[in-house]
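Have a look at the structure below, then the notes.
The values are calculated or read from the model by the stated rules, or taken from the named source; none is laboratory data. Keep in mind it's a predicted model, so treat the numbers as computed, not measured. Backbone-built Cβ (ideal geometry, glycine too); neighbour counts: all protein chains shown. Surface accessibility is based on the protein's heavy atoms, side chains included, excluding ligands, DNA and RNA. Shrake-Rupley method; radii C 1.70, N 1.55, O 1.52, S 1.80 Å.
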Amino acid sequence: MPIRKALGDRAGEAITLNNIGQLSSMLGNQQKAIEYYQQALEILKLIKNPQLEASTFNNIGQSYKFLGDKKKALEYYNQALPLRRQVGDRPGEATTLYSMAILKKDEGNFPGAIADIEAAIKIIEEIRIKINNQDLRKSYFASVQDYYEFYIGLLMQLHKNYPSQGYDAKALQVSEKAKARSLLEMLTAAKTDIRSGVDTKLLEQEKNLQKQINIAADRLEKLANSKDKNRINKLQQNLETLLSKYQQIQAEIRVTSPRYAALTQPQPLTVTQIQQQILDDNTLLLEYALGKERSYLWVISKNNIASYELSKREKIEAAAKIFQTSLTAPTQRNRRQIVAKAANNLSEIILKPAVDKLANKRLLIVADGVLQYIPFSALNLPVKSTDNTQLLPLINKHEIITIPSASTLGILRRDLGGRKSAPKAIAVIADPVFNHQDERIKKNINNSLPSQLPIKISIIDQQLQRAANNAGISWNRLPFTRTEAANILALVPEKDREQVLDFNANVANVTNPNLSKYRILHLATHGFVNTEKPELSRIILSLFDEKGNPQNGVLRLQDIYNLNLATDLVVLSACETGLGKDIKGEVLIGLTRGFMYAGAPRLVVSLWSVDDEATSQLMVKFYRGMLQDKLSPAAALRAAQIKMQKNSKWSSPYDWAAFTLQGEWR
C-alpha cells in the first residue's frame with residue numbers, strides 16, 4: 001500500500017484496498033471488509049474507473065449478504081450491474097446476476113430469481129463458445145457449474161410448490177445443458193474434416209508437437225521410480241509446456257478452419273426430444289445431479305417423468321466411496337458381507353426413492369460426480385419373493401447402460417445410425433509382449449543364434465539387458481488374454497475374424513485402416529488412465545519386436561482420436577479403461593471419449609483393475625451371448641454377469657461387476 005501511494009498509483013491503491021477487503025471477508029470480519037471497500041470506492045469515483053467500481057460495489061454486496069442484510073446487499077448489486085454492462089464486463093455481469101438471483105430466491109421472489117439466473121447462464125453460454133482453446137473452455141465451464149446447480153435447485157423447489165407446471169422437466173433440461181458439452185461438440189465435429197483448408201504449417205506444427213509429447217511422456221514414465229527428482233521436475237515442466245502449445249495450435253486450427261466455423265453448435269435435448277428420440281417402451285433414463293445442499297434424480301419413461309430429491313452430495317460421495325473401496329479392497333474373509341452392506345447403503349440413498357418406477361426396464365444411467373465410478377450393476381434392490389425379501393444385484397433385473405448424457409446419445413444416433421455395417425465380425429488384439437524377460441523374446445533370439453550354448457546365453461543376456469535399459473518400465477504379461485482371444489475367435493468363422501497376438505499386437509497394427517473392416521474391436525491388454533492429464537491416458541501394446549528391440553507400444557488418447565473406426569463395438573478388456581478425469585460439466589475424460597470420437601457408438605470398459613482370469617471367463621460368456629445367442633451387447637453383458645454370479649469362484653462383484661456398457665444400447 002505505501003509503495004502504491006508513493007508511486008501515485010491510485011487505481012493500484014484501490015485494487016489493494018479491495019484485496020485487503022476480500023481477505024478480511026474470508027477471515028469473517030465483514031464490517032472491516034466493508035470499510036476497506038468504501039475506501040476503494042472513494043478513490044475510484046475520483047479517478048473514474050467504472051470497471052473497478054463495479055467490482056467494488058459487488059464486493060460490498062457480498063459482505064452485506066454474509067452479514068444477513070439482504071436488502072443492503074441487493075442495493076449494492078443493483079449499483080454494480082449497470083456499471084458492468086456499461087464497460088462490457090460480461091463475466092462480471094454474470095457474477096452479479098447470479099448473486100442477485102440467490103438473494104431473490106431467499107426472499108421468495110422466484111420470478112426475479114429465474115430472470116436473473118437465466119440471464120447469467122445466457123452470458124456463460126456466449127462466453128464459453130468464444131473460447132477456442134478446449135482446455136480453457138472446459139475449465140471455464142467447470143468454474144461456473146454452481147450457476148447450473150443453483151438453477152436446477154430453484155426449478156425443483158418450484159416443482160415442489162407447483163408439481164403440475166413442468167418445472168422438473170425444465171430442471172432436467174438444465175442438467176443436460178450442464179453435462180458433457182465439449183463431448184457433444186467433439187462428436188458433432190468428428191465427421192467433419194475441420195483440417196481441410198487450414199494452413200499446412202499449422203498442421204505440421206500439430207503433428208510435430210504430438211510426436212514431442214509422446215517422447216516426453218515416455219521419458220517421464222521411464223523415470224517414474226527414479227530418485228532424480230530434479231530431472232523428473234524438468235521433464236514434467238517440459239511436458240506441461242508441450243501440452244499447452246498443442247492446445248494453442250489446435251485452437252488456431254479451429255479458428256482458421258472454414259468447416260469448423262460452419263458447424264452448428266449442438267443443443268441439449270428437451271425432455272420431449274429425449275422421449276421421442278432416445279427411449280422406447282422398455283427403457284428408462286435415470287439422470288442424476290449432485291448438489292451441495294441436495295441432489296436430484298429424474299426417471300424418464302417414453303411417456304412420463306418423475307423426479308426425486310436425494311441427499312446432499314457429501315453424503316452420497318461418502319456412501320459411494322465406501323462401496324467402491326469395499327469392491328476393490330484386497331481379499332478379506334468378510335468381503336461379500338462388507339460389499340453387500342455398502343451396496344445396500346448406497347442403494348437406499350440413490351435408488352430406493354424410485355424403486356417403484358423401475359419394474360424390469362432397461363436402465364440408461366446418466367451419473368454425476370462420484371457416481372460415474374460406481375458399477376450400478378452391483379447395487380442391490382429389495383425384491384419381494386413368496387417367502388421373504390431377497391436382495392439381488394440390480395443387473396439381475398435390468399440391462400444397465402451408462403451414457404455421458406442423453407444428448408450425447410442423440411448425437412451418436414444422428415451421426416452413426418445410418419452408417420453401413422462393416423463386412424467382417426471381429427478383430428482381437430491380445431497378449432502383447434511387455435517385458436524384456438518374456439520367454440517369447442528369448443525363444444526368438446535363441447532360434448536366430450549359433451548352436452554353441454555359452455555364446456547363446458551371453459548374447460541373449462546382453463541383448464535383453466540393453467532392451468530393458470532402453471524400454472524403461474515393463475508390465476506383467478497377461479497370459480489369460482491369449483485364452484480369452486482363442487475362445488472368442490472360436491465362436492466366429494475364420495473368414496470373418498482377425499487374430500493379432502504377441503509381437504504383432506503393436507501400435508502399427510492397431511492403427512492400421514484395415515481394422516475398419518471389423519464390426520467389433522477387442523483389445524485385451526493393459527490400459528491406464530491418467531486422471532490428472534487425461535490426454536496422456538494410454539493402452540499398452542507390444543513394447544518389443546521379434547528381435548527384442550524396444551518399440552513404441554503406447555497408444556495414447558490423442559492417437560485414438562485420430563483413428564477412423566467403422567466398428568459397432570469396442571471392447572477394452574483391460575484395467576480401469578472406463579475411468580478418467582472428472583471435470584465438472586464434462587463427465588469423465590478418458591479413453592471412452594476418444595473411441596466415441598473415432599467412430600465407436602458403444603464400448604465395454606472397466607471401472608477397476610480386473611482379475612486376468614475372471615475377465616477371460618466373463619468375456620467368453622459375453623461373446624457367446626452376442627455371437628451365438630444373438631443378444632444385444634447390453635443383454636449379453638447382463639447374461640454373462642449373471643452367469644458369473646452363479647459360479648462360486650467368480651460370484652464376488654469384484655470379479656464380474658467392473659465391466660460396463662457405455663453409449664448406444666440398441
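Quick notes
- Among the conditions (1) open to solvent by 40 Å² or more (accessible area, probe 1.4 Å); (2) closer than 22 Å to residue 410 by Cα; (3) β-branched (Val, Ile, Thr), residue 174 misses just one, which is (1).
- Within segment 339-377, tally of residues that are open to solvent by 10 Å² or more (accessible area, probe 1.4 Å), under 19 Å from residue 305 (Cα atoms) and aliphatic (A, V, I, L, M): 3
Residues checked against (1) closer than 23 Å to residue 548 by Cβ; (2) touching a strand residue (DSSP E or B) at 6+ places or on another chain (Cβ under 9 Å); (3) open to solvent by less than 10 Å² (accessible area, probe 1.4 Å):
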{"position": "500", "(1), (2), (3)": "yes, yes, no"}
{"position": "505", "(1), (2), (3)": "yes, yes, yes"}
{"position": "517", "(1), (2), (3)": "no, yes, no"}
{"position": "528", "(1), (2), (3)": "no, yes, no"}
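- Filtering segment 615-659 to residues that are under 17 Å from residue 573 (Cα atoms) and of a type in the set (Lys, Arg) leaves 621, 624, 638.
- Identity of the residue in segment 530-552, open to solvent by less than 10 Å² (accessible area, probe 1.4 Å) and assigned to a strand (DSSP E or B), that ends up farthest from residue 609 (Cα to Cα): 544
- For segment 93-120, the set of residues classified as free of Cβ contacts under 8 Å to residues at least 40 places away in the same chain, open to solvent by 10 Å² or more (accessible area, probe 1.4 Å) and not small (Gly, Ala, Ser) consists of 93, 95, 104, 106, 107, 109, 111, 116, 118, listed by residue number.
- Residues of segment 226-243 that are open to solvent by 30 Å² or more (accessible area, probe 1.4 Å) and touching a residue at least 12 places away in the same chain (Cβ under 8 Å): 236, 238.
- Only one of the listed residues (365, 316) is within 26 Å of the chain's Cα centre (by Cα), modelled with pLDDT of 90 or more, assigned to a strand (DSSP E or B) and not aromatic (Phe, Trp, Tyr). That residue is 365.
- Residues that are of a type in the set (A, V, I, L, M), buried (at least 21 other Cβ atoms within 10 Å of the Cβ) and part of a helix (DSSP H, G or I), drawn from segment 139-157: 152, 154, 155, 156
- Just one residue in the set 297, 327 is in a strand (DSSP E or B) and either at pLDDT 95 or above or closer than 27 Å to residue 631 by Cβ (or both); that residue is 297.
- Cβ separations smaller than 8 Å between residues 6+ apart or across chains give the following pairs from segment 541-569 residues that are free of Cβ contacts under 8 Å to residues at least 60 places away in the same chain to residues that are assigned to a helix (DSSP H, G or I) and of a type in the set (Asp, Glu): 557/535.
- Selection within segment 244-284: residues that are of a type in the set (Ser, Thr, Tyr) and open to solvent by 60 Å² or more (accessible area, probe 1.4 Å). The member of this set that is farthest from the chain's Cα centre (by Cα) is 256.
- Scan segment 179-197 for residues that are open to solvent by 10 Å² or more (accessible area, probe 1.4 Å) and part of a loop (DSSP other than H, G, I, E, B) and the total you get is 8.
- In summary, helices (runs of 4 or more DSSP H) completely within segment 36-113 and bearing 3 or more residues that are closer than 15 Å to residue 15 by Cβ occur at 50-67.
- Selection from segment 3-35 of residues that are assigned to a helix (DSSP H, G or I), free of Cβ contacts under 8 Å to residues at least 40 places away in the same chain and over 20 Å from residue 66 (Cα atoms): 3, 4, 5, 6, 7, 10, 12, 13, 15, 16
- Test: residue in segment 427-442 that is modelled with pLDDT under 75 and either among the charged types (D, E, K, R) or farther than 30 Å from residue 598 by Cα (or both): yes
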